[in-house]
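What follows is one structure encoded as structure tokens, with my remarks underneath.
The values are calculated or read from the model by the stated rules, or taken from the named source; none is laboratory data. This structure is a prediction, so every number in the text was calculated from the model and none was measured. Every residue, glycine among them, receives a Cβ derived from its backbone with ideal geometry; neighbour counts consider all protein chains shown.
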Amino acid sequence: MDKRLGKVTWGRGNPRVRTSAAYWRQPVAWDREAAQAGVRARVFCASLADVFDEEVDRRWREDLWRLIEATPHLDWLLLTKRPLMMLDETARLGLPRNVWLGVSVEDQATAMDRVPFLIKTTATVRFLSVEPLLSPVDLSRWTDQTSRWHVNWVIVGVVS
């Protein structure tokens, strides 16, 4: 939506735009509702962005971490194409128990490149977004449920 409104230009060196303070307050209300209902709710954070984008101000991630920690009834899904930055930043900031970490995988080469970083994290849930699936991908080495270092969830989308 922001891209269509002319607020976002993708790519290295282009400024990133932060959403409004009102937008950032919404999860606090969602957390309160989840607590009252006695259920956990999921937040797919930055679904049209990447929290671990190198161009994002580190202070924005620090603000996000404070929000995540203040909303214990929400499970935050953070998806990235930048697994090394994810690993570095979660080591720097810590990893709250209510964070699920995922990496995007389009083919076997990106799986081999990105998944090893994901399984090095201590995320409660590790997931893959295999969208779009451009060619066959063998994930068996990371989906063995007997291993402590496995992927818990795989989202798959194919090109039609």
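Descriptive notes on the structure:
- Residue pairs meeting the criteria (Cβ under 8 Å; at least 6 apart or on separate chains; first under 17 Å from ILE68 (Cβ atoms), in the stretch 17-38; second assigned to a helix (DSSP H, G or I)): ARG18/TRP60; TRP24/ASP63; TRP24/LEU67; PRO27/LEU67; VAL28/LEU67
- Flag if LEU79 is surrounded by 14 or more Cβ atoms within 10 Å (Cβ to Cβ), at pLDDT 95 or above, closer than 21 Å to LYS120 by Cα and of a type outside the set (Val, Ile, Thr): yes
- For beta carbons closer than 8 Å, sequence separation of 6+ or different chains, a first residue in the stretch 116-129 that is part of a helix (DSSP H, G or I) and a second that is of a type in the set (D, E, K, R), the qualifying pairs are LEU118/ARG126; ILE119/ARG126.
- Tally of residues being farther than 15 Å from LEU87 by Cβ and either in contact with a helix residue (DSSP H, G or I) (Cβ under 6 Å, 6 or more places away or on another chain) or surrounded by 14 or more Cβ atoms within 10 Å (Cβ to Cβ) (or both) across the stretch 109-150: 17
- Any chance VAL56 is modelled with pLDDT under 95 and not in a helix (DSSP H, G or I): yes
- Condition broken by ALA111, with the remaining ones in (1) closer than 25 Å to VAL43 by Cβ; (2) in contact with a Leu (Cβ under 9 Å, 6 or more places away or on another chain) satisfied: (1)
- Any pair with Cβ under 6 angstrom, 6 or more apart, that starts in the stretch 135-160 at a residue that is under 16 Å from THR110 (Cα atoms) and modelled with pLDDT of 90 or more and ends at one that is surrounded by 13 or more Cβ atoms within 10 Å (Cβ to Cβ) and of a type in the set (Lys, Arg): VAL151/ARG126
- Summed over the stretch 45-68, residues that are loosely packed, with under 14 Cβ neighbours inside 10 Å and within 21 Å of ARG126 (Cβ to Cβ) total 1.
- Qualifying residue in the stretch 59-70 (condition: of a type outside the set (Asp, Glu), in a helix (DSSP H, G or I), over 26 Å from GLU131 (Cα atoms) and in contact (Cβ under 8 Å) with a residue 40 or more places away in the chain): yes
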